[in-house]
1. Would you mind classifying the protein assembly as shown by shape? Square roots of the alpha carbon gyration tensor eigenvalues, ordered a ≥ b ≥ c; an a/c under 1.5 is rounded, otherwise it is prolate if a/b is larger than b/c and oblate if not.
2. Run the dipole for the protein assembly as shown about the Cα centre, Lys and Arg Cβ at +1, Asp and Glu Cβ at -1, nothing else charged, and hand back the magnitude in debye, nearest 20.
3. Taking the axis that carries chain A onto chain B, what is the nearest Cβ in chain A, and at how many Å, to the whole number?
4. Specify the inter-centroid distance of region A:132-180 and region B:311-344, based on alpha-carbon positions, in whole Å.
5. Could you list B:59, A:40, B:208 so that the one with the fewest beta carbons within 10 Å of its beta carbon is first and the one with the most is last?
6. What does the charge count around residue B:46 come to, taking other residues whose C-beta lies under 15 Å from its C-beta (Lys +1, Arg +1, Asp -1, Glu -1)?
7. With label points built 7 Å along Cα→Cβ from the Cα atoms of residue B:195 and residue B:313, find their separation and express it in nm.
8. Between residue A:292 and residue A:305, 0.36 nm times their residue separation minus their Cα-Cα distance comes to what?
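All of the numbers you see were taken from the coordinates with simple rules; none came from a lab. Computed from a prediction, not measured in an experiment: that's the story for all the values here. Positions of Cβ are generated from backbone atoms using ideal geometry, with glycine treated the same way; all protein chains shown enter the neighbour counts.
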Protein chains: 2
Amino acid sequence: MKINLRTEALEDLVARVLTTNGMSGENARIVAAVVAGAERDGARSHGLFRIPGYIGTLRSGWVNGISVPKVTDTAPGVVTTDADNGYSQIALAASRPLLLEKLKRNGIALLAIRNSHHFAALWPDVEPFAAAGLLALSFVNTRSRVAPWGATKPLLGTNPMAFACPRRNAPPMVWDQASSVTAMGEVMLAAQDGHAVAKDVGIDAEGRSTTDPKAIMAGGALLPFGGHKGSAIAAMVEILAAALTAGRFGFEDRSAQIFGAESSNAGQSIILLDPSVTAGAAFPARVDELFSRLMSVGVSRLPGDQRYAARRRSERDGVFIESKIYDYLRSLLPPSDPERSHAP
Amino acid sequence: MKINLRTEALEDLVARVLTTNGMSGENARIVAAVVAGAERDGARSHGLFRIPGYIGTLRSGWVNGISVPKVTDTAPGVVTTDADNGYSQIALAASRPLLLEKLKRNGIALLAIRNSHHFAALWPDVEPFAAAGLLALSFVNTRSRVAPWGATKPLLGTNPMAFACPRRNAPPMVWDQASSVTAMGEVMLAAQDGHAVAKDVGIDAEGRSTTDPKAIMAGGALLPFGGHKGSAIAAMVEILAAALTAGRFGFEDRSAQIFGAESSNAGQSIILLDPSVTAGAAFPARVDELFSRLMSVGVSRLPGDQRYAARRRSERDGVFIESKIYDYLRSLLPPSDPERSHAP
């Protein structure tokens, strides 16, 4: 059975759930928008599926739900933000005005976030910049889960990298790729749904190839995409997200030892570029020329297109969620919350 | 039979060859250093193997051997350089002082090169920045050779991306990766040596998988590494190297129609970051911690290490080159050049 909700109502519900479980109202609103946005866009593995992880992590005390990020104006082109051991998106929101000011003045700017937790997809962080006409690159490191090329033990994180590019009369082209063949979220979902994974996805605790998602999660490792090339990208992400930000490497993260904690204390960097500085106002049209040519040789859709299609459906028809998930969310509300006893 | 030369002598010989074939002395010196450096570092596919391509391209008139790059101070963080239809490395050399000045002031800087040809490896462009303590990313697009994920015809270039990172007591970690499984240089070398290539490397003109390097070169296409993820990276490189720089996309390049022309009129971008701004003086030591951990789980060497080992051997023992290649190089010198008739 499914429940139908408007995205705004879902966002509001998630915000109340997070507030009840240790987040400040302002911080909960930012994280709830990301979670509800993923659900709205059909990105299930980063939507409501993540709520138990957020709650477990908040309740364990591992993450700071009432974080107050400290934004520092480090150089004319650089903002450095200490996330106060809270979620990275909150640090990004606090840093955005100064970052955009620097970008506008210089044509390129860097945001380096440290002491942060990133438990969401990366595309929501960069999409708004591209929607405003900018190019954005972002890098996040996570706890060790990926065996570097040539190794049989995990050392690097799944370390996603995202790229967002404005278009002329269309929403931005945005991709967000784990450095592993598959994100751990997908492996978790496969384990939950009882599915096997492809044979290049991971290895078990003995370093042997396996298709069992549970064996990968239990002491095994994910494998980098594209062999040594994806492994090099994973290491680059580790450097740009952790070393550059003076944050923690994935192998230094202690979350695996904290009961209930699912996010890593790590780092994130964002590089923004203003393409109008070098390419003028024609940039979005030029990019569209490239995209039409991609379509003309058989590419069926651009990165992000599936999410935008799901978003349009959700905006028209509302978001459909499993009633058992809806009941779970309601059970996390305080007894005083009217939605706890009466569904809207 | 092999000839033994000091790197400096090889560089000087290559410079004279290039000058005799249409390059200004200053420009020839820059390109010769890159070619001889690749040969010194054991990077055969980008060393002397490329000389016929340089000569053919220069003689065809497709590339401007006497280019005078036009460097523009576009924004406080951005340098834009028109390479005057010459080699990209010459534009980079001309842009370097202004780029470093901007980097020093802002902590991050962008160099956007357009109207340029890049017929070399990308690591020589970024290694010196990392040797000076900086992080460097670079992107170059090339003529269409790669079928995007889901397509059966070439559209994207092999589009290399490079990343260079300083270390504490070691030369920088530098990688330089084509967005294809294999660089076209390797496929060309396989064709020359009569070897097959692996079966994920490319497709033939009918879009079928093939291991024949000649079938890939004759109307077929290379495949992106890591499936859709490498394809997304290839498209990102096309955007950052061509659209961002107001340069030409690979599919707009006309080099395939010019007899003898092997390099594309395309673009290049370089992003520089000063890690001391965000991470302080500890950055190289932090990076070394990551690298020791990579080694501890079984990684046998870091990207760049093989080149540095070859470089040390060449510095000690000289560079060994096939005598037939040496004779070919001498045949390209003017009759007045003493080395043409008398080997040193």
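1. prolate
2. Details: 72 positive and 66 negative charges, 12 e Å.
That gives the protein assembly as shown a dipole magnitude of about 60 debye.
3. With distances in whole Å, chain A gives A:226, 1.
4. If we compute the Cα centre of each part, the gap is 46 Å.
5. B:208, B:59, A:40
6. -3
7. Placing both labels 7 Å along Cα→Cβ, they lie 1.5 nm apart.
8. On the way: separation 13, 0.36 × 13 = 4.68 nm, distance 1.38 nm.
Difference between extended and current length: 3.3 nm.
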